[in-house]
Amino acid sequence: MKLYIIRHGETVWNTQGRLQGKADIELNENGIRLAKITGEGMRDISFDLVISSPLKRAVETAKLVCEGKEVPLLTDERIQEITFGEWEGLCCRGDNYQIPSPNFPDFFKDPFSYVPPEGGESIRQVLERTKDFYEELISVPEYQDKTILIAAHGCSSRALLYHMIEGEHSFWLDHVPANCSVTIVDIKEGKCTIEELDKVYYDAGDIVDFYGTGMR
C-alpha cells in the first residue's frame, strides 16, 4: 500500500491566522492554484482511491489534485481537523491575537499539554480517532496493493503519521506541514516507510507560516 497524505490548500482563514478546526472553509484563489500545481506534479501517479476529510477545503484539494482522473472518493470524519470549539474563527497570531487562554501556545510547543476550550478536542482525542482510521485502513485486504490519496489537515495528518512512525518522535515532527504538502508512505506487512515528508510541488518560497509558530 502506498499512501500520499496531503494537507489541504490555502484558505482565507489561513492567511488571516484564524483557527479553522471543524469550520467548513473553502479554498481561496491561491489555494486552488497550489492544489492544481500539486496535481500537475503528481500527474503520473495512478491513484486507486481517494479518502478525504469531509470538510470542503480537503475535498476540493483532493478533487483538484485528481482533476482529469476517474478516481473514487470517500470521505471519513475520523481524519477531519482537530475541533477548536469556541475558539474557531479566532486569530492566533500578531496584533490581532484573540485566543483567551495562555495555554494555547502549547498546541504547537507542547501539544500533549494543550488544554482545549469548551467543545474542542485534545491531541489525544484526535490521535484516538485517527488511530481507528489507520488500523481499519491497513486491515482491508483489497487495499494492500493500492495507491491511495488521503486529503487531510495540518493536525489530523500529523496525528495519522504519529501512528506510522516507530520510536520516540515529536507530534509535529518539528514543523507544521505546509498547505498542499505531501507525505509519501509505503506500507508493507504493517511496516511503514516514510519515503518523503512534506514534499511541495510548488515554489518553496510560497510556503508561509500563517500561525506564527516559528517552526518553519
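Within the stretch 18-34, the set of residues being buried (at least 17 other Cβ atoms within 10 Å of the Cβ) and either in a helix (DSSP H, G or I) or modelled with pLDDT under 95 (or both) comprises ASN30, GLY31, ARG33, LEU34. Scanning the stretch 51-81 for residues that are surrounded by fewer than 16 Cβ atoms within 10 Å (Cβ to Cβ), out of contact with any Lys or Arg (no Cβ under 8 Å at 6 or more places or on another chain) and assigned to a strand (DSSP E or B) yields one hit, LEU74.
So, of the residues in the stretch 35-45 that are of a type in the set (Gly, Ala, Ser) and either out of contact with any strand residue (DSSP E or B) (no Cβ under 8 Å at 6 or more places or on another chain) or not in a helix (DSSP H, G or I) (or both), which turns out to be surrounded by the fewest Cβ atoms within 10 Å (Cβ to Cβ)? Break it down stepwise before answering.
Looking only at the stretch 35-45, we keep the residues that are of a type in the set (Gly, Ala, Ser), and these are 35, 39, 41.
Remaining after also requiring either out of contact with any strand residue (DSSP E or B) (no Cβ under 8 Å at 6 or more places or on another chain) or not in a helix (DSSP H, G or I) (or both): 39, 41.
Details: GLY39: 22, GLY41: 16.
Applying the filter and picking the extreme gives GLY41.
For GLY9, state whether it is under 16 Å from the mean Cα position of the chain (by Cα) and assigned to a loop (DSSP other than H, G, I, E, B). Spell out the reasoning first.
Numbers: under 16 Å from the mean Cα position of the chain (by Cα): yes; assigned to a loop (DSSP other than H, G, I, E, B): yes.
Yes, satisfied.
Taking PRO54 as the residue in question, decide whether it is of a type outside the set (Val, Ile, Thr) and free of Cβ contacts under 8 Å to residues at least 24 places away in the same chain. Give the derivation first.
Working: of a type outside the set (Val, Ile, Thr): yes; free of Cβ contacts under 8 Å to residues at least 24 places away in the same chain: no.
When the stated conditions are applied, PRO54 does not pass them.
Scanning the stretch 82-101 for residues that are closer than 17 Å to GLN16 by Cα, surrounded by 15 or more Cβ atoms within 10 Å (Cβ to Cβ) and of a type outside the set (Asp, Glu) gives PHE84, TRP87, GLY89, LEU90, CYS91, CYS92, ARG93, ILE99. Residues that are assigned to a helix (DSSP H, G or I) and under 25 Å from TYR134 (Cα atoms) within the stretch 82-108 comprise GLY85, PHE107, PHE108, listed in sequence order.
The lone criterion from (1) more than 20 Å from the chain's Cα centre (by Cα); (2) farther than 20 Å from LEU3 by Cβ left unmet by PHE84 is number (1).
Of everything in the stretch 110-124 that is surrounded by fewer than 17 Cβ atoms within 10 Å (Cβ to Cβ) and touching a residue at least 24 places away in the same chain (Cβ under 8 Å), the residue that is nearest to THR75 (Cα to Cα) is GLY119.
The values are calculated or read from the model by the stated rules, or taken from the named source; none is laboratory data. As the structure is a prediction and not an experimental result, all values here were calculated from the model. Every residue, glycine as well, gets a Cβ built from its backbone with ideal geometry; the counts of neighbours run over all protein chains shown.
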